[in-house]
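Beneath this line is the structure, given in structure tokens, with notes to follow.
The values are calculated or read from the model by the stated rules, or taken from the named source; none is laboratory data. The model shown is predicted, which means the values in this text are computed figures rather than measured ones. Here the Cβ is made from the backbone with ideal geometry for all residues, glycine too, and neighbour counts use every protein chain on show.
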Amino acid sequence: MAYESLLLIGVLSIAFMLPHLVLGMGFHILLPGWALLSHIFVALGAYFVWYWHHSGQTLAMQTWKIRLSTPRGVPPTLAQLALRYALAWPSVIYLGAGLFWALFDRDRQFLHDRLAGTCLVFKQS
């Protein structure tokens, strides 16, 4: 997650900061806080869902040879990916409760994976 966070700085620089700099400096427009948070949610959602859908891996997951799948071994549907992304937010925001869930889960899955019907698998080299 730490490596993924570093990569997300670059994603947010392009997809979030650049448009808001243009709006602010070029047109003197400052969006309200809810619009800024919504923009972050959508920009990160586009990044994660696009990578998960096209290759089953984000850039950081490729480095660690982790792939997103379903328990049956087939690629998740777009609905499952969107649900996983949406559920990951509270899973992390609430002091990582959904991440600590994996310590007690019989299959060592995160709570958002369990609820979305997805799982992380390690790729064989």
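Residue-wise test of (1) farther than 17 Å from residue 119 by Cβ; (2) over 11 Å from the mean Cα position of the chain (by Cα); (3) at pLDDT below 95; (4) not charged (D, E, K, R).
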site: 1; (1), (2), (3), (4): no, no, yes, yes
site: 43; (1), (2), (3), (4): yes, no, no, yes
site: 51; (1), (2), (3), (4): no, no, no, yes
site: 56; (1), (2), (3), (4): no, yes, no, yes
site: 71; (1), (2), (3), (4): no, yes, no, yes
site: 77; (1), (2), (3), (4): no, yes, no, yes
site: 82; (1), (2), (3), (4): no, no, no, yes
site: 88; (1), (2), (3), (4): no, no, no, yes
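Candidates in segment 76-120 are the residues that are in contact with a helix residue (DSSP H, G or I) (Cβ under 7 Å, 6 or more places away or on another chain) and among the aromatic types (Phe, Trp, Tyr); of these, the one that is nearest to residue 54 (Cα to Cα) is 85.
Hey, among the residues in segment 58-69 that are over 14 Å from the mean Cα position of the chain (by Cα) and either acidic (Asp, Glu) or under 10 Å from residue 3 (Cβ atoms) (or both), which one's surrounded by the fewest Cβ atoms within 10 Å (Cβ to Cβ)? The extreme case among them is 63. Could you tell me which residue of segment 99-125 is surrounded by the most Cβ atoms within 10 Å (Cβ to Cβ), considering only residues that are modelled with pLDDT of 95 or more and among the small types (Gly, Ala, Ser)? Result: 116. Considering the conditions (1) touching a helix residue (DSSP H, G or I) at 6+ places or on another chain (Cβ under 8 Å); (2) touching a residue at least 24 places away in the same chain (Cβ under 8 Å), residue 69 is excluded by exactly one of them, (1).
When residue 10 is tested against the conditions (1) assigned to a helix (DSSP H, G or I); (2) under 19 Å from residue 116 (Cβ atoms), the lone failure is (2). Kindly indicate whether any position in segment 18-36 is at pLDDT 95 or above and in contact with a Pro (Cβ under 9 Å, 6 or more places away or on another chain). Within segment 18-36, none of the residues are at pLDDT 95 or above and in contact with a Pro (Cβ under 9 Å, 6 or more places away or on another chain).
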